[in-house]
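Undergrad: Handing you this structure, nothing more for now.
Computed from the coordinates by the stated procedures, all read-outs in this text should not be read as laboratory data. Computed from a prediction, not measured in an experiment: that's the story for all the values here. Neighbour counts are summed over all protein chains in view; Cβ atoms, including those assigned to glycine, are modelled from backbone coordinates with ideal geometry.
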Amino acid sequence: MQTKLTQALSIDFPMIMAPMFLVSNEAMLVEGMKNGIAATFPTLNYRNENELEQILDKLNVSKAGLTVRGTYGVNLIVQKTNPLYEKHLKICVDKKVPFYITSLGSPKEVIAQAHTYGAKVFCDVTNLEHAQKCADLGCDGFIAVGQGAGGHAGPNPLQIIVPALQKKFPNIPVIAAGGIADGAGIVSMLVLGAAGVSVGTRFIASTEATVSQDYKNAIVSSKMTDIVLTEKISGTPCTIINTPFAKKIGYKQSWLERLLSNNARTKKYFKMWVQISGMKKLEQSVKQGNYQTLWCAGQSVELINDILPCKAIIDRMKKETDEAFRQIAELSK
Ligand SMILES: Cc1cc2nc3c(=O)[nH]c(=O)nc-3n(C[C@H](O)[C@H](O)[C@H](O)COP(=O)(O)O)c2cc1C
């Protein structure tokens, strides 16, 4: 299949394995690449000295040995509150990462540096205003993050944001993210004008994901009504499974936390503190046997019924995509 995404990233199938904090790992990325998609991870998954360099070296070796068109990429949180941003960008540029996804801030520096060696930069966007800023800076694509997505979901449905972006920026590929877990979802987004899709939650229920069996089982057993938004992890609303622990700690920041987040003098450091302590809570949550569970997941849990190897997930989605195209063709006969 040829779309603007497969062309931009030289991949076989228009799908990105979305970057997921504490979930994405080398084994998942290698499987993604070997099966013709673009597989990504957040650089924040590798916070210890030399870890990021080592995984990038391994991924570059795996990519060089591919017999199909697949690739990998990194996600950089470009917000000022990410203390590792500059260090991680430098490492990624040195290792010539082929593809970047930026989130939560200005992608200016990433675009400038990535373009020095021909790498592509796609920016997470949830509205047209931020998309305009990214377009002005020369981004190569948008990841349109819609309602119900895992992580920091957008406020708008994909049925609106995808065609709106496509119409306003006809030369920039739009990738749909949020709630896609099967081939029908992929085809629906292609019909809306997306150049491809980015899939996160489906891959949490993969045998390769580094999270606990309890978390994977919860992805399989949860329904869309079990997903709630909480500000308790990063300060920005984030989708999680409504576990007893999530209910216990509540979903909103307190008035004091809000005050400190908005005060000009305290906001940078307070937000940094919120994010670091949120990351620690998540880190505990993904370990087996932990009862203080904050399990990040999107509404596509409704569509996920099994834990499978990444290859099987991708193969099935490809098959379902062919099937969905055939069904559409039947309708127009
Ligand atoms: C567990 C989890 C962790 C995530 N971590 C990140 C992250 O570190 N950086 C980021 O840009 N997006 C993150 N996301 C969002 C995904 O990259 C992607 O936009 C989203 O999963 C797509 O929606 P879906 O989960 O409905 O497929 C995360 C999503 C999940 C489910």
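Undergrad: Could you check which residue among 144, 164, 264 shows the biggest mean-square fluctuation in a GNM of the chain with a 10 Å Cα cutoff?
TA: Result: 264 has the largest fluctuation of those listed.
Undergrad: Starting from 0.36 nm per residue, how many nanometres of slack lie between residue 112 and residue 171 once their C-alpha separation is accounted for?
TA: That pair, residue 112 and residue 171, stretches by 19.3 nm at full extension.
Undergrad: Over the stretch 175-333, what relative contact order in percent results from Cα pairs under 8 Å that are six or more residues apart?
TA: 35 percent
Undergrad: Hey, fewest Cβ within 10 Å first, where do 201, 3, 43 land in order?
TA: Neighbour counts put them in this order, fewest first: 3, 43, 201.
Undergrad: Reachable aspartates and glutamates from residue 133, Cα under 16 Å, same-chain residues fewer than 8 places away excluded?
TA: Leaving aside aspartates and glutamates fewer than 8 places away in the same chain, those within reach of residue 133 are 109, 124.
Undergrad: Moving on. Quick one: compute the contact order of the stretch 213-300, relative version, from alpha carbon pairs under 8 angstrom and 6+ residues apart, as a percent.
TA: Contact order relative to length: 38 percent.
Undergrad: Give the lysines whose C-alpha is closer than 18 Å to that of residue 63, dropping any in the same chain fewer than 8 places away, or say none.
TA: Answer for residue 63, where 18 Å is the Cα cut-off: 34, 95, 96, 120, 311, listed by chain and number.
Undergrad: Tally Lys/Arg at +1 and Asp/Glu at -1 over every other residue whose Cβ is under 12 Å from the Cβ of residue 212; what's the total?
TA: 0
Undergrad: Between residue 331 and residue 27, what's the calculated FRET efficiency when r is the beta-carbon distance and R0 is 45 Å? Round to 0.05.
TA: My answer for the efficiency is 0.70.
Undergrad: Using only Cα positions of the stretch 213-300, each an equal point scatterer, no hydration layer, compute I(q)/I(0) via Debye at q = 0.16 Å⁻¹ and quote the log10 values to two decimals.
TA: The computed values of log10 I(q)/I(0) come out as -0.64.
Undergrad: Let me ask something else about it. What are the lysines whose alpha-carbon lies under 28 Å from the alpha-carbon of residue 252, with same-chain residues fewer than 8 places away excluded?
TA: By straight Cα distance, residue 252 reaches 80, 216, 223, 232, 267, 268, 271, 280, 281, 287.
Undergrad: To continue, here is another question. With just the Cα atoms defining each centre, how far is the stretch 101-151 from the stretch 216-257? Give it in Å.
TA: Here the two parts' Cα centres lie 26 Å apart.
Undergrad: Could I ask something else about it? For labels at residue 159 and residue 210 in the simple 7 Å Cα→Cβ model, what's the distance in nm?
TA: Rounded to a tenth, the inter-label distance reads 3.9 nm.
Undergrad: Give the whole-number value, in cubic angstrom per residue, of the convex hull volume spanned by the C-alpha atoms of the chain.
TA: Measuring per residue, one finds 131 Å³ for the Cα hull of the chain.
Undergrad: Applying 1/(1 + (r/R0)^6) with R0 = 22 Å to the Cβ-Cβ distance of residue 136 and residue 95, what FRET efficiency is obtained, to the nearest 0.05?
TA: According to the calculation, E is roughly 0.20.
Undergrad: If you scale each eigenvalue of the Cα gyration tensor by 5 and take the root, what three semi-axes come out for the stretch 1-75, rounded to whole angstrom and sorted largest first?
TA: Each semi-axis is √(5λ); the values are 22, 13, 9 Å.
Undergrad: Return the unpartnered cysteines for the chain, using a Cβ-Cβ cut-off of under 4.7 Å.
TA: Among the cysteines of the chain, those whose Cβ sits 4.7 Å or more from every other are 92, 238, 296, 310.
Undergrad: In a Gaussian network model over the chain where Cα atoms closer than 10 Å are linked, find which of 205, 177, 119 has the largest mean-square fluctuation.
TA: 119
Undergrad: What is the sum of charges around residue 82, taking Lys and Arg as +1, Asp and Glu as -1, for the other residues whose C-beta is under 13 Å from the C-beta of residue 82?
TA: The answer is +3.
Undergrad: Still on this structure, I have one more. Rank 98, 14, 155 by mean-square fluctuation in a GNM of the chain with C-alpha springs under 10 angstrom and give only the top-ranked residue.
TA: 155
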